[in-house]
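The structure under discussion appears below in the form of structure tokens.
The values are calculated or read from the model by the stated rules, or taken from the named source; none is laboratory data. Just so it is clear, the model here is predicted, and its values are computed rather than measured. The accessibility values were calculated without ligands, DNA or RNA, using every heavy atom of the protein model including side chains. Shrake-Rupley method; radii C 1.70, N 1.55, O 1.52, S 1.80 Å.
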Amino acid sequence: MTKNTTHTTYTKKGAAGAAAQEGARVMGTVLVTSGTGKTGRRVAERLAALGVPVRAGEVPFDWQDESGWAAALDGAEAAYVAYYPDLAVPGAAGAMAAFGRVAAASGLRRVVLLSGRGEPQAAVAEEALRGACGEAGLTVVRSAFFAQNFSEGALLDSVLGGELVFPAGSTAEPFLDIDDLADVVVAALTEDGHAGAVYELTGPRSLTFEEAAAELGRAAGRPVRYVPVSGPAYAEVLEGFGVFGPEAGFLAELFATLLDGHNSATTDDVKRVLGREAKEFTAFTREAARDGAWHG
């Protein structure tokens, strides 16, 4: 399966990280649609540190209830859009089109959309938002597999248990630190020059899950081994953890599709946007261990 190439991936030169400290454009309220999630929380914290007004939960926002979207967007200048559960699920494109129409009617000027790297169905949802959001400048941030999935996400229990069960085979993945993603999102929300861009964000090095497990074990101070399984077998694992059957099947199929090798290459988009290298996986594991991620 090949990546959608309908739109050119643009990159913006310049030290955006430095601009975040000095010279970030003063702007109005930013709506963060998933303010308590792994990415939304980090984006909201960074915006608040810059003195940018953030709306992240004060006004209810529910992807399943369009009636509240206009109130959440009222008076906002920009929005960070993180759709739950994933842009590849059925109905996501319709939700993005509907959100785009409400955003356009509200006068929103900037939208930054979190998307999945190498997900054809997510690209369809991106197009739906792009076509509906009118004058609002859209920036799409396509992310590699989050490194934090091992420290605060679905795979934390696996690391703590010493067996990383996952349907990735021997495929390498350029794990992305979410802190880098949040910095890119904030740059796109607060600086000029990102409208129309599609950024593909990865870490600087690709590792197999076996290699990642070894690094996680060294940092955590406990053995962690990778156990490859098929997609259907992983769906059964998820069901054992209480994930509803159809959702378990969808997630297992999605992971198997994304980890078939077509996403293994790294990009330098983090460096092009922020003016610095993306965080290395080893650095992530050391920081997570220092912060107590695997003390359980």
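Odds and ends about this structure:
- Only helices enter the 222 nm calculation for the chain: every DSSP H run of n ≥ 4 contributes -39,500 (n - 2.57), and dividing by all residues gives -12000 deg cm²/dmol, rounded to 500.
- Rounded to the nearest 10 Å², the accessible area of E66 at probe 1.4 Å: 100
- Which label in (1) 31, 22, 18; (2) 39, 22, 17; (3) 34, 22, 19 gives the computed semi-axes √(5λ) of the Cα gyration tensor in Å: (1)
- Taking a ≥ b ≥ c as the square roots of the eigenvalues of the Cα gyration tensor, segment 205-296 is oblate, since a/c reaches 1.5 or more and a/b is not larger than b/c.
- Within the accessible surface of the chain, defined with a 1.4 Å probe on protein heavy atoms only, the carbon and sulfur portion equals 52 percent.
- Taking a ≥ b ≥ c as the square roots of the Cα gyration tensor eigenvalues, segment 25-155 comes out oblate, since a/c reaches at least 1.5 and a/b does not exceed b/c.
- Phi-based couplings in Hz for segment 151-162 (Karplus 6.51, -1.76, 1.60; Gly and Pro marked x): 10, 8, x, 5, 9, 4, 4, 5, 5, 5, x, x
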